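Okay, handing you the structure first.
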Amino acid sequence: MSTHDPRGCPVSGSNPIARQAYERALAAFVAWRTDSDDPLAAALEGAPRFVMAHVLAACKLVGSRDPRRVRSARPVLELAAALPANPHERLHIAALERILDDDYEGAAGVLGQALDARPRDVLALSMACGIDYLGGATTRMRERVERVLPAWPDDLTGAHAVRAMHAFALVECGENARAEDAARHAIALEPGNARAHHAMAHVFEMTDRPEAGARWLNAHAALWSERTVVATHCWWHLALFHLASGDAGAVLAHYDRRIRAGGLVDVADLIDAAALLWRLRLKGIDAGARWRELAAAWESHVDDAFCSFNDLHAMLAFVGAGDWSRARCLEQALARRQWLPTRHGESTRQLGLPACRALIAFGRGEHALAISLLASLPAHLHRLGGSHAQRDVLHLTLLQAIESIRRPAPRAQHTKQERPPRDIRLPYALPRLVVPNEVAEATP
């Protein structure tokens, strides 16, 4: 049995009650809310051969930065692929198959075909934007949304989510005023769209308005902090606003009560934790035992071989904790994998490994080397993925390394435990790149 959803996309294997449940699940998913599980389960219980319900179940898994969660989508997808499906649904299945085969660019292409045929396919748009974000293809993300915008009047089911996607794409492309307009438009259509509140946080970050950003997030906390997939990350944004305002106590309070409160299990939370503690370190603020706890939480991901953005944040945790053994293990693992013919191998060779080596050098006080390595990255740093706000951690480290050369601190007397051990030095030399002229001239 094949019919259509409220946006005109054909769906197979459903019935009216199951489609209503699926629409509730889809609405939650594209608004970045966590209450999609129950309606999706009801849709599948009421229509076990409902292809797009199985597709949505797989989509909920493959968007993760944790490779174990991504791989868990395979049996779900195999079940969907075995069902009678229409050609449009087959495009969704093909895109998911490519993701599971680690061909994210191929998946983006297939989802593009789906959107060319059905520009009102909000699930295809959400998944395609997620892939663009993962690979740092921000211009493509903006253009992708803008191609389908004419097909999305405000009264169409899901229009608020498309406006929110547009807002985030715009802020990542530096179009901050348009981004703010789009995010406010999305929130006017659906106040509970956590995706739009997150886009607003990025607007305040990129326009250097920390006080206004803190006021916005605090005023709307009930809408983004409960039953959303972005709650921890928005608390991270709020902590950044406090850090920019010089309130380190509030930053540490948010870290303890909001970011680490969940047990530091989810990779996205580990990323936020590492980035926040590192920014505190750059400000000269001691996070104490939090570093050791975080480094231990990252240890199980050293062998993920999945995402350079993850590797970078794991290294932040290891270096921040002074855990040179784990830092060495990760660096050596990346050195081996950089030549693998995989997506991760390529990004490791071009970005992940030099960035992680720069962090090791910075942690050891070898600031000239850290500067050389970091200065080689910006031309294609966006390919690490993540947002401008997240990638800023490397820019801030570069600035701190330059400042350390220009105004060196008095030589510290380290204890044996504090001093990086000699065996952190690798069995081969780190690349010695040319230090930028302006930095060399500033060196005393």
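The values are calculated or read from the model by the stated rules, or taken from the named source; none is laboratory data. In this text the structure is predicted, and so the values were computed from the model without any measurement. Virtual Cβ from ideal backbone geometry, glycine too; neighbours counted across all protein chains shown.
Would you call ASP272 closer than 20 Å to GLY213 by Cβ and of a type in the set (Asp, Glu)?
Numbers: closer than 20 Å to GLY213 by Cβ: yes; of a type in the set (Asp, Glu): yes.
Taking the combined requirement at face value, the residue satisfies it.
To continue, here is another question. Quick one: is ALA335 closer than 25 Å to ALA361 by Cβ and crowded, with 20+ Cβ neighbours inside 10 Å? Show your work before the answer.
Details: closer than 25 Å to ALA361 by Cβ: yes; crowded, with 20+ Cβ neighbours inside 10 Å: no.
When the stated conditions are applied, ALA335 does not pass them.
Quick check on my filter: what residues within the range 55-95 are in a helix (DSSP H, G or I) and of a type in the set (Asp, Glu)?
Just the residues of the range 55-95 that are in a helix (DSSP H, G or I), to begin with: 55-62, 67-71, 74-81, 87-95.
Listed by number, the residues that qualify are GLU78, GLU89.
Separate question: Tell me the helices (runs of 4 or more DSSP H) entirely within the range 347-444 that contain at least 3 residues that are farther than 26 Å from THR207 by Cα, of a type in the set (A, V, I, L, M) and at pLDDT below 80. Outline the logic, then answer.
On the way: elements: 353-363, 367-375, 388-406, 437-442.
Filter on the range 347-444 gives 437-442.
Listed residues ALA273, ALA355; which is within 23 Å of ARG383 (Cβ to Cβ), hydrophobic (A, V, I, L, M, F, W, C) and surrounded by 17 or more Cβ atoms within 10 Å (Cβ to Cβ)?
Numbers: ALA273 fails: within 23 Å of ARG383 (Cβ to Cβ).
The unique qualifying residue is ALA355.
What are the residue pairs meeting all of these: first residue in the range 66-79, first residue closer than 25 Å to TRP298 by Cβ, second residue of a type in the set (Phe, Trp, Tyr), Cβ atoms under 7 Å, and 6 or more apart or on different chains?
PRO67/PHE306
Being among the small types (Gly, Ala, Ser), buried (at least 21 other Cβ atoms within 10 Å of the Cβ), assigned by TED's automatic domain parsing to the domain that holds ALA58 and within 17 Å of LEU61 (Cβ to Cβ) is the requirement here; does ALA124 meet it?
So ALA124 fits the description; yes.
If I ask for residues that are of a type in the set (Gly, Ala, Ser), assigned to a helix (DSSP H, G or I) and crowded, with 17+ Cβ neighbours inside 10 Å, which ones from the range 286-331 would you list? Please lay out each step first, then the result.
If we filter the range 286-331 for residues that are of a type in the set (Gly, Ala, Ser), which is where we start, we get 287-289, 295-297, 300, 305, 308, 314, 317, 320-322, 325, 327.
Now restrict to residues that are assigned to a helix (DSSP H, G or I): 295-297, 300, 308, 314, 317, 320, 325, 327.
Matches in the range 286-331: ALA295, ALA297, SER308, ALA314, ALA317, GLY320, ALA327.
With a cut-off of at least 1 residues that are closer than 20 Å to HIS197 by Cα and of a type in the set (Lys, Arg), name the helices (runs of 4 or more DSSP H) lying wholly within the range 108-183. It would help to see each step written out before you state the result.
Working: elements: 122-134, 138-148, 159-172.
Of the helices (runs of 4 or more DSSP H) lying wholly inside the range 108-183, those with at least 1 residues that are closer than 20 Å to HIS197 by Cα and of a type in the set (Lys, Arg) span 138-148, 159-172.
SER64 - would you say it is over 28 Å from ASP154 (Cβ atoms), polar (S, T, N, Q) and touching an Asp or Glu at 6+ places or on another chain (Cβ under 7 Å)?
On the way: over 28 Å from ASP154 (Cβ atoms): yes; polar (S, T, N, Q): yes; touching an Asp or Glu at 6+ places or on another chain (Cβ under 7 Å): no.
Against the criterion (over 28 Å from ASP154 (Cβ atoms), polar (S, T, N, Q) and touching an Asp or Glu at 6+ places or on another chain (Cβ under 7 Å)), SER64 does not qualify.
Being more than 14 Å from ALA124 (Cα to Cα), among the small types (Gly, Ala, Ser) and either buried (at least 22 other Cβ atoms within 10 Å of the Cβ) or in contact with a Gly (Cβ under 7 Å, 6 or more places away or on another chain) (or both) is the requirement here; does ALA95 meet it?
Numbers: more than 14 Å from ALA124 (Cα to Cα): no; among the small types (Gly, Ala, Ser): yes; either buried (at least 22 other Cβ atoms within 10 Å of the Cβ) or in contact with a Gly (Cβ under 7 Å, 6 or more places away or on another chain) (or both): yes.
It is false that ALA95 is more than 14 Å from ALA124 (Cα to Cα), among the small types (Gly, Ala, Ser) and either buried (at least 22 other Cβ atoms within 10 Å of the Cβ) or in contact with a Gly (Cβ under 7 Å, 6 or more places away or on another chain) (or both).
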